[in-house]
Amino acid sequence: MDDDAAERERHAIVTRLMPKTQASGALSGPCLPSLVDHYWGKVLALFEAIDRPLSGERLTQFHDLFRRTIEQGFETSPYAKFILEYSPTGPQGAEIQCELSLAAPTLQQEFQRWATGSVPANELFGKHPDAKVIDVATRIVSGEAGRARPARALDVGAGGGRNALALARLGMDVDAIEPVPALSDAIAREAARLGTAVNIIRGDVLEDGTVIGEERYALIVLAEVFTHFSYAEIAAALPKLTRALTADGTLLCNAFLSRDGYRPGPVALEVAQTAWSTFFSRQQLAALTARQGLRLVQEDPCLAYEEPRHPAGEWPPTPWYPFWARGHNVFDRAAGPAPIELHWLEYRRS
């Protein structure tokens, strides 16, 4: 038998056997619109591998559905994942049946999942308050020339209460906004145990229903909060927060800042939102804050500020903190220093 005849015979036999080769399973991944074509290539390769290639009108329709699903998922939640389930159907399993769905948890649901894990809810972000928060609060409470003065603070996204409780122990009247039930419950339990008064506001600062008193706070803290917000969400929250500051009040936040001159692509921007590491250029934040009459008075890299001021022998606050704060949740450490880093930003209301 010549080579051409042998190849035709092999093809005929393989074609006959194909319906008897069956597979089922699932393919899942983060809903990142900039990676749609990458994911689609994986889908085509998968169906080729199980002898059920897509073609014709069915291929076009499924591609359109796949793209729309990923775009919808990212718009709904940066933590959304697509789930493609496939299984054989028809006579002898000759066809493939596909179901495409979304799992789109909210930020609150993601934190609720964290808070019900093995780490106590009040220690998810460490046992101790942020040194920068305490230093700024101490200066405010001490007042000019060391004269103590009463002051009220707002801790936004208070987590398990490590900063809110420490601010209360400094003598500040403290309101703590926390939307995750497991975390707000943890604040309440720890406050009761310590005999410390903290007013807990169970809500989301981004929601219209979460009311904050105007010109009420000498200090507003957003520790590891802007790292979960999009540019649009920060723009929506800042007017409410600025109005809540006293005339010379301080807004203290930390955020990932990009290296000067770095021009991120769409993949980096999207992945950052899925990895708790949303980042901004200094110019972007300057435009947002100046619009609200906020003046930047101090900027410090978080790691450089926190590590030498942390209680001896207890650094890092969590195993993941240094890796995350250096931007390596987004950028591969093997490639060198990431083009983003977590910074403390202290603003004063003009």
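Values for this structure:
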read-out	value
Criterion (surrounded by 13 or more Cβ atoms within 10 Å (Cβ to Cβ) and over 24 Å from Ala164 (Cβ atoms)) met by exactly one of His310, His328, His343	His328
Segment 272-296, subset over 22 Å from Gly157 (Cβ atoms) and of a type outside the set (D, E, K, R), residue surrounded by the most Cβ atoms within 10 Å (Cβ to Cβ)	Ser281
Residue among His38, His11 that is modelled with pLDDT under 90 and either part of a helix (DSSP H, G or I) or of a type in the set (Gly, Ala, Ser) (or both)	His11
Members of segment 303-325 that are more than 17 Å from Glu123 (Cβ to Cβ) and in contact with a strand residue (DSSP E or B) (Cβ under 9 Å, 6 or more places away or on another chain)	Leu303, Tyr305, Ala325
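Condition check ((1) of a type in the set (D, E, K, R); (2) in contact (Cβ under 8 Å) with a residue 12 or more places away in the chain) across all residues:
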{"site": "Thr106", "(1), (2)": "no, yes"}
{"site": "Trp114", "(1), (2)": "no, no"}
{"site": "Asn122", "(1), (2)": "no, yes"}
{"site": "Val141", "(1), (2)": "no, yes"}
{"site": "Pro150", "(1), (2)": "no, yes"}
{"site": "Asp155", "(1), (2)": "yes, yes"}
{"site": "Ala158", "(1), (2)": "no, yes"}
{"site": "Asn163", "(1), (2)": "no, yes"}
{"site": "Leu167", "(1), (2)": "no, yes"}
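Residue-by-condition table, conditions (1) in contact with a Gly (Cβ under 8 Å, 6 or more places away or on another chain); (2) over 30 Å from Pro339 (Cβ atoms); (3) not assigned by TED's automatic domain parsing to the domain that holds Ala131:
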{"site": "Gly159", "(1), (2), (3)": "no, no, no"}
{"site": "Ile187", "(1), (2), (3)": "yes, yes, no"}
{"site": "Val221", "(1), (2), (3)": "no, no, no"}
{"site": "Glu224", "(1), (2), (3)": "yes, no, no"}
{"site": "Ile234", "(1), (2), (3)": "no, no, no"}
{"site": "Ala237", "(1), (2), (3)": "no, no, no"}
{"site": "Thr250", "(1), (2), (3)": "no, no, no"}
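The values are calculated or read from the model by the stated rules, or taken from the named source; none is laboratory data. Just so you know, these numbers come straight off a predicted model, no measurement behind them. We place every Cβ from the backbone using ideal geometry, glycine too, and count neighbours over all the protein chains shown.
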